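Scroll down for the structure; my scribbles are underneath it.
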Amino acid sequence: MGSLGFGEILVIALVALIVFGPERLPDISRKAGEMLAKAREMSRAFKDTVDAEYGDVTAPLKDLKDDYDAMVDDVKAVSSSLTGVSIEVPDVVLIDNSSAKDALAEPDGAATGDVPGDEGGEH
């Protein structure tokens, strides 16, 4: 039932029993079940209609999904067989930023506070 646990279902059942009473609860449960069955049937009919109308468009997507699922299963199988194996991946440099760093570097002496023409004299 999705993310509902036993405790949550028990609380909902107790609240329903208190609110509706033991006499009406079976009728309400039956009607809720019928509504759920109708909703499922409508959902199934809608899906069948969409598949019939757009089946030729969605078929390649379904094939891609099947291929993807198979690849995921293969990767999981390989990774589970590699447990305990250490794989080292080298660092990869995609862009050499040295020329950009050089272009942004300060002129000679600017970083040390030296001013051209100032030979150590006082200001």
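On the basis of the beta-carbon distance and an R0 of 30 Å, GLU41 and SER81 show a calculated FRET efficiency of 0.10.
Using the Cβ-Cβ distance between LEU10 and ALA59 with R0 set to 41 Å, the FRET efficiency works out to roughly 0.35.
Extension gain, TYR68 to ASP48: 0.36 nm times the residue separation minus the Cα-Cα distance gives 4.8 nm.
Each value in this text was obtained by applying a stated rule to the coordinates, not by laboratory testing. Note that this is a predicted model, so its numbers are computed, not measured. All Cβ positions, glycine included, derive from the backbone under ideal geometry; neighbour counts span all protein chains shown.
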